[in-house]
Amino acid sequence: MKLYNANLSPYASRVRIVIYAKSLPVEIVAPPGGQGSAEFKKLNPTGKVPALAVDGHVIPESEVINEYLEDRFQTPSLRPTDPLARARMRALSRFTDLYLAQHVRALFGQMNPATRDTKLVGAKLAELDTRLDQLEQLIVAGPYAAGPELTLADCALCPVFFFLTRLVPAVGGKNPLDGRPRLARVGEAVAKHPAVARVLAEQGEAMAELLKASGR
């Protein structure tokens with residue numbers, strides 16, 4: 001198996017957490033020609049990472065890849081056995097993708113005060129406040145997002161937390177985990193997991209390289 005990857009991507013990062021947590025024999029490579037290239041689109045029509053090559057087939061979309069890896073390699077399990085807890089896990093992953101990640105992504109181009117769109121930033125920070133309050137209510141178990149063990153919900157949330165805790169303060173917002181004890185608890189617990197810690201380090205190195213290349 002081969003994962004087409006970019007270390008800074010929160011979507012590729014959630015797949016790497018699964019790969020590392022399960023110690024899977026997956027080769028991790030950059031997409032040929034780069035993301036969006038014609039060469040890579042021959043493998044994955046959207047041209048986006050991650051994409052997983054398996055036996056002559058390419059599986060796109062991070063959550064689909066993670067579900068496939070969980071189905072194929074069931075130990076250690078990253079899904080709760082209880083159906084209700086499993087549904088909660090999936091709801092948290094969906095919430096991350098549908099209601100959280102897009103607003104975090106919009107802040108990425110707003111880090112430079114000289115070119116910052118303050119109106120856009122204000123709108124996105126307000127939206128994130130609402131969504132994070134909702135997420136705080138959805139997390140009812142612990143210490144991880146969906147219960148006592150690492151699950152696919154944590155794999156989805158953790159890479160987004162990486163950006164949240166850096167980008168929101170960088171554009172003038174408060175620490176997004178302040179005043180949200182459940183989110184703070186999850187962030188602290190997940191960061192201590194060896195697979196997650198490895199991915200966070202990779203994201204940090206990729207972020208530093210990007211900022212250096214852009215002169216910031």
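Considering the chain as a Gaussian network with a 10 Å cut-off on Cα pairs, which listed residue, S13, S37, S77, attains the greatest mean-square fluctuation? Taking springs between Cα atoms under 10 Å, the residue moving most is S37. Shape descriptor for segment 135-184: Rg over Rh equals 1.00 (Cα atoms; Rh from the Kirkwood inverse mean 1/r).
Ordering H193, H103 by accessible surface, largest first, gives H193, H103; the 1.4 Å probe counts only protein heavy atoms, with every chain in place. Measuring spread by the Cα atoms of segment 113-216 yields a radius of gyration and Dmax of 14.9, 44 Å.
Here segment 1-137 is assigned +1 on the Cβ of each Lys and Arg and -1 on the Cβ of each Asp and Glu. Its dipole about the Cα centre then comes out at about 160 debye.
Ignoring any ligand, DNA or RNA, what whole percent of the accessible area of segment 82-216 comes from carbon and sulfur when the probe is 1.4 angstrom?
Values: 3650 of 6600 Å².
Ligands and nucleic acids excluded, carbon and sulfur reach 55 percent.
Rounded to the nearest angstrom and listed largest first, the equivalent-ellipsoid semi-axes of segment 92-137 from its Cα gyration tensor are 23, 11, 6. Here segment 76-154 yields Rg over Rh of 1.12, to two decimals, using C-alpha coordinates and the Kirkwood radius.
Mean-square fluctuations from a GNM of the chain, with a 10 angstrom spring cutoff on Cα atoms, peak among K124, K174, K22 at K174. The Rg/Rh ratio for segment 1-47 is 1.00, where Rg is the radius of gyration of the alpha carbons and Rh is the Kirkwood radius. Among the helices of the chain, those built from whole DSSP H runs whose Cα atoms reach 27 Å or more along their own axis and whose mean Kyte-Doolittle hydropathy is at least 0.5 are 152-170.
Within a straight-line Cα-Cα reach of under 21 Å, K119 can be paired with the following lysines, leaving aside sequence neighbours fewer than 8 residues apart in one chain: K174. For the chain, a Gaussian network of Cα nodes joined below 10 Å ranks T151, T75, T165 by mean-square fluctuation, and the top entry is T75.
Can you give the net charge of the other residues whose Cβ lies under 15 Å from the Cβ of P76, counting K and R as +1 and D and E as -1? Please list the in-between numbers first.
Numbers: positive: K22, R72, R79; negative: E70, D71, E149, D154.
Residues close to P76 contribute a combined charge of -1.
Less than 5 angstrom separates the built amide H of K2 from those of E27, A53, all sequence-distant by 5 or more or on a different chain. Ellipsoid fit via the Cα gyration tensor, segment 1-128: semi-axes of 29, 22, 11 Å, each the root of five times an eigenvalue, largest first.
Between segment 1-49 and segment 55-117, the C-alpha centres lie 14 angstrom from each other. In µm²/s, what is D for the chain at 25 °C and 0.890 mPa s, where D = kT/(6 pi eta Rh) by Stokes-Einstein and Rh is the Kirkwood radius from Cα pairs? After rounding, the answer is 137 µm²/s. About its Cα centre, segment 143-189 has a charge dipole of approximately 200 debye under the convention of +1 per Lys or Arg Cβ and -1 per Asp or Glu Cβ, with nothing else charged.
Solvent-accessible surface of segment 1-158, taken per residue with a 1.4 Å probe and all protein chains present: 47 Å².
The values are calculated or read from the model by the stated rules, or taken from the named source; none is laboratory data. Every value quoted in this text rests on a predicted model; they were computed, and no experiment measured them. So basically every Cβ, Gly included, is an ideal-geometry build from the backbone, and we count neighbours across all protein chains shown. We work out accessible area using only protein heavy atoms, side chains counted, and drop any ligands, DNA or RNA first. Shrake-Rupley method; radii C 1.70, N 1.55, O 1.52, S 1.80 Å.
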